[in-house]
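This report refers to the structure that appears directly beneath it.
Just so you know, all these numbers are worked out from the coordinates, no wet-lab data involved. Quantities reported herein were computed from a predicted structural model and do not represent experimental measurements. Because the Cβ atoms are built from the backbone with ideal geometry, glycine has one as well, and the counts that use them run over all protein chains shown.
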Amino acid sequence: MSRTVHQRARNQRNLRQPFVEGVLFLVVMCVLVTVGEGSVRANPKEELIPILGTTMGVSPVGEVVYLSVTFEERTDHGGLAVQFRRGPGRFSHMVQTAVQQGIYRAASALGVSPDSWTVILSFPYPGVTLYGQSCSAMIALSVVALAKGENIPPDRVLTGTVTPDGHIGTVGAVPLKVAAAYEAHLRRVLVPEEQDEADSDFETPFLMQVSPVATVIQAYQALTDVQSIREPELVHQY
């Protein structure tokens, strides 16, 4: 009798053990699946984009430099994430603020949400720090183009800022930047419609198109050749 009772108890334990192990296995699998889904991202997109600027000093000259922009779209909607690599070159605090604001404002003006975007920026010039705000519009519109799957030809560039109401803000030294763009074989330069009072008049170089633009939508259309953009009913202020 005692042997029968012990045998039955062992059989019951053997039946329960796989069930318990199965529950633990399922719980672990559920946790892994949940965490995995939260971190899944689409294939990242990367572009090298031109930026117009000037050297600093008594006699500045125009320059064209290039930035690496990596775009990823996350499965969550936790907000825009912009990462500025600390090397090889660096971004000043002013540039970082202008770029983040510019992306928010450009996305709003073009009717898209940046809440699931991760943007990674790298300045591939060792020991050099990028200053000023005039690069923010080009970076912002390039990010939106990557998000929308639309192309900006490599010979087009924009200088300017993005204002809270969706316009392209005035920047200085446009004649120097246009001259630098011509030397770098860029064929179309977009400039703010409102000219800086300190800038002198300049002649458009041969075979180059200089296009004044007033709004983010006009600038995006000129950069991408995409014309079917509907004006949003409300532009959020950032």
Between Ile120 and Arg85, what length comes free when the chain is fully extended (0.36 nm per residue of separation minus the Cα-Cα distance, one decimal in nm)? 11.9 nm
How long is the gain from Val210 to Lys148 if the chain were fully straight, where each residue apart is worth 0.36 nm and the alpha carbon distance is subtracted? 19.8 nm
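For the range 45-224, give the share of DSSP beta bridges that are antiparallel, in percent and rounded to the nearest 5; count only bridges with both residues there. Before the final figure, lay out each step's value.
Details: 19 of 33 bridges.
Restricted to the range 45-224, the bridges split so that about 60 percent are antiparallel.
When only DSSP loop residues count, what GluC sites (Glu not before Pro) in the range 189-220 have their Cβ near at most 11 other Cβ atoms within 10 Å? If you can, show how the numbers build up before the last one.
On the way: sites: Glu193, Glu194, Glu197, Glu203; in loops: Glu193, Glu194, Glu197, Glu203.
Qualifying residues, ordered by number: Glu197, Glu203.
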So what's the gap between the Cα centers of the range 137-165 and the range 59-135, to the nearest angstrom? 11
State the extension gain, in nm to one decimal, for the chain segment bounded by Ala179 and Gln96, taking 0.36 nm per residue of separation less the distance between their alpha-carbons. 27.3 nm
Those trypsin sites (Lys or Arg not before Pro) from the range 63-116 that are DSSP loop and have at most 12 other Cβ neighbours within 10 Å turn out to be Arg86
